[in-house]
Structure formats: structure tokens, C-alpha cells
Amino acid sequence: MYLEGDSVINALVLDEPTPVMARKTRKNTEVIMSREKTPSIEELLRANAELEQRVRDYAAKAEAATKELEGFCYSVSHDLRAPLRSVDGFTHALIESSHDKLDTVEREYLQRVRAASHRMGRLIDDLLHLSRVGRREMRVQEINLSDLAVFVSRELQTSDPSRHADFVISPELYGKGDERLLKIVLENLLGNAWKFTGRTQEARIEFGRGVKEGVEAFYVRDNGAGFDITYADKLFTPFARLHGANEFPGTGIGLAVVQRIINRHGGRVWAEGELNRGATLWFALPG
């Protein structure tokens, strides 16, 4: 609808803010600003305290759930031992008592049963070991990791004197953590390097420290079988294996144990590698 004549002028005049309208606008703005005022220090402290309490509650629930799961894992693994021993024992007795009555194929079947029960026993032992890692109390102190690495390397060489590998261990490398748990870390990492260089002509295993991804971290490096980097995330999954049992022995639990220990220390662990060109396992500790 269009206005004509003086009505147009009046309409234009009404579009301009009058002094009364301006005062009302300022007043409304002040009201809105007062409603949106900055929270007081007391309100901020109260909100922060509530948030901290929620975090503590969630952490307590998570810890309780983890302990319950570890306890269940320990109980199940422990209870599996007795029937497994029975399977192995009776199979062995059957082989001994009926050796002359069994043909070659039947004896092979029974030996397979025993071999499978032994493998199951190793899996149970590793599962118990994994559950104990999460239950063990920690005593954090300054640790000479180089000394631990030297000790582990000598144990590996003693276990198989026929093998030769060059261990290159950087001296005086220190880290904060639980000595027993960090020894388990090095046993697994150096043990893996020893295992996966078993078919390498001039095996070389290193323990050192460097900066990776902007973080100062320790590493164990070898020139062994390596792995396909595409599957790097699976390395730390319990019982996951990137190499067949016929190539290299093991149950696939070692790196899962390493990850759990490093996580308990508040650090992180990751892997790099290339198939047939070796691998490097990194771990970072806080502090």
C-alpha cells in the first residue's frame, strides 16, 4: 500500500529516531548488558569445583571398571589351567600306554593335541602376565635405562650362544618410572628385536634416545624382518601377529604389555618399520 501527499513526509519523519525513542533504546541496551554480565569469581570457582568433581567421579568409575575386568581376566585364566593340564596329561598317558597300538597318523593327532594344549598354556600365562601388569603397584624413581638394556642384552645372548648380534646401547640414558615394569618393557622390546633378527646375516640391535614428532623418546631399533606399516596399529593388540607362528615364535602379547606399562606411566609408545628392512619401537616417558 502506497502513501500519498503529506502522508509520505510523515512516514519518512517517523522512520527517524526521536529523543524519546533513543532514550528507550539506551535503557533497553543497559538492561540486556546487565543480564549478560560477567560471572563472579565465586561462580567461576563453584563451576570449576563441580567440573573437577565430575572428572574425579568418572576417573574412579573407570578405574573400578578396569580393576574388575583385570580381576575377571585373572580368574578366568587361572581357572583354565587345571583342565588344560588334564588334557595334556591324559593325552601324554595315552601315547605312552598305547604307543604300540597306535599307527603313525593317530600318534600325530595326539601330538597335535599336546602341542595345542602347550600353546594354550603359553597364551594363558601371557594373559595372566598382562593382567598383573595393571595390578602391580608402581614405585617411580630415576632409572638408568642403559644399565637395564645391557643386562637384558646379555641375558638374550646367554640364552642362545650360537647366535650373534651387535648390540649398540647408548650410555647413561635415564628415565623416571618403576624399575621392574621398565625392565619388562626392555625385555619385550629387545627380545622382539632379537627374535626378528634371527634370520638376518649381520644383526644389529640399538637402544638410544632421540626426538621424534617433537617429543624426546627412547627407541629400540633393529634391521630384522620389519613389518608392513599399514598394520602398525595392530602391533599393540593382544594376540595380534603380523608374522606367522611358523616364521617366528610367540603369542603376540609382548607389545600389548609394553603399551599397558607405558600408559600406566603416562607416556606413549608407537612403532615404525618397513617389511624386510627392520623396525623401530619408540616410547616416551613423562618428566
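Every number here is computed from the coordinates shown, using simple stated rules; none is lab data. Bear in mind that the values here come from a model prediction, so they are computed numbers and not experimental data. Here the Cβ positions follow ideal geometry from the backbone for every residue, glycine too, while neighbour counts run over all protein chains shown.
In table form, for the structure just shown:
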{"read-out": "Relative contact order [Cα under 8 Å, 6+ residues apart], the range 142-284, whole percent", "value": "23 percent"}
{"read-out": "Equivalent ellipsoid dimensions for the range 140-242 as semi-axes, Å, which come from the Cα gyration tensor, largest first", "value": "21, 19, 14"}
{"read-out": "Peptides 198-205, 266-273 ordered by average Cβ neighbours within 10 Å, highest first", "value": "266-273, 198-205"}
